[in-house]
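Encoded as structure tokens, the structure appears first; notes follow it.
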Ligand SMILES: Cc1cc2nc3c(=O)[nH]c(=O)nc-3n(C[C@H](O)[C@H](O)[C@H](O)COP(=O)(O)O)c2cc1C
């Protein structure tokens, strides 16, 4: 399988990417897959101009001549795409959102209404083999609503993705927290193995990956006591 990882953390030492790396370790345990990691922050990707030039040309590329066209080529060629990024203001970091906005060349202007009433643009090519995983780490403890907007965006944009949202992610890069972070990383590796077999994750597995490392009250206290 061809696996494309879009790493949307702007940091060299990303909390979220630790999770993604563990997931990839399980997913590519036997080294049989081709994994291509794009560090989006290192790429030159302008915001979408909204010109719809792509829908005039319909060649799967953007009229802006920058690194996005290389990503679109990789996108079309992938079996699995992993979007790995930190939660920023309840959504994707802006440089990664630019990548998402500029996947518009991969659909046509033509609209289709699905049986459940939702409306989509028809795909430019057959993407039925493409599977999407979203791995998002965030700085807050778990609270209802933190990930709602992001989840809706991902469901609408990616069809039926496996979405994993992890609270308290900064603990992944704190050596003193290894006692609770390491078991989570081990669960991510195991989940990668599960994914390699079925190309999906059970609700039970996702719930295990999203379980906070420590209770919210203790996390808030730790953060505040460091101030
Ligand atoms: C600009 C900005 C916005 C953020 N917004 C949120 C947010 O809405 N909710 C949240 O829980 N954490 C938020 N965070 C915290 C990050 O998600 C958190 O630090 C994460 O662990 C960083 O992951 P990374 O190391 O993979 O980049 C924000 C951080 C920044 C810098």
Take the residues of segment 90-120 that are loosely packed, with under 13 Cβ neighbours inside 10 Å and in contact with a helix residue (DSSP H, G or I) (Cβ under 9 Å, 6 or more places away or on another chain): which is nearest to residue 52 (Cα to Cα)?
109
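Go over the candidates 139, 159 one by one and state the one that is under 29 Å from residue 25 (Cβ atoms) and modelled with pLDDT under 95.
Only one candidate qualifies: 159.
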Complete set of residues in segment 1-38 that are outside any loop (DSSP other than H, G, I, E, B), farther than 14 Å from residue 100 by Cα and within 12 Å of the ligand (Cβ to nearest atom):
15, 16, 17, 18, 19, 20, 21
Tally time: how many residues in segment 142-156 are modelled with pLDDT under 95 and in contact with a strand residue (DSSP E or B) (Cβ under 7 Å, 6 or more places away or on another chain)?
0
Output the number of residues of segment 108-141 satisfying the condition of being touching a strand residue (DSSP E or B) at 6+ places or on another chain (Cβ under 8 Å), within 16 Å of the ligand (Cβ to nearest atom) and more than 28 Å from residue 2 (Cα to Cα).
1
All positions within segment 58-93 that are under 20 Å from residue 9 (Cα atoms), in contact with a strand residue (DSSP E or B) (Cβ under 6 Å, 6 or more places away or on another chain) and more than 16 Å from the ligand (Cβ to nearest atom)
74, 80, 81
All but one of (1) in a helix (DSSP H, G or I); (2) closer than 30 Å to residue 208 by Cβ hold for residue 74; state the number of the condition that does not hold.
(2)
Quick check on residue 206: is it assigned to a strand (DSSP E or B), free of Cβ contacts under 8 Å to residues at least 60 places away in the same chain and either surrounded by 13 or more Cβ atoms within 10 Å (Cβ to Cβ) or within 17 Å of the chain's Cα centre (by Cα) (or both)?
no
Any residue in segment 162-183 that is away from the ligand (no atom under 16 Å from the Cβ), within 17 Å of the chain's Cα centre (by Cα) and within 20 Å of residue 136 (Cβ to Cβ)?
yes
Condition check: more than 11 Å from the chain's Cα centre (by Cα) and away from the ligand (no atom under 15 Å from the Cβ). Does residue 105 satisfy that?
yes
Among (1) modelled with pLDDT of 95 or more; (2) touching a helix residue (DSSP H, G or I) at 6+ places or on another chain (Cβ under 9 Å), the one test that residue 125 misses
(1)
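The values are calculated or read from the model by the stated rules, or taken from the named source; none is laboratory data. Since the structure is predicted, the reported quantities are computational estimates derived from the model, not experimental observations. All Cβ positions, glycine included, derive from the backbone under ideal geometry; neighbour counts span all protein chains shown.
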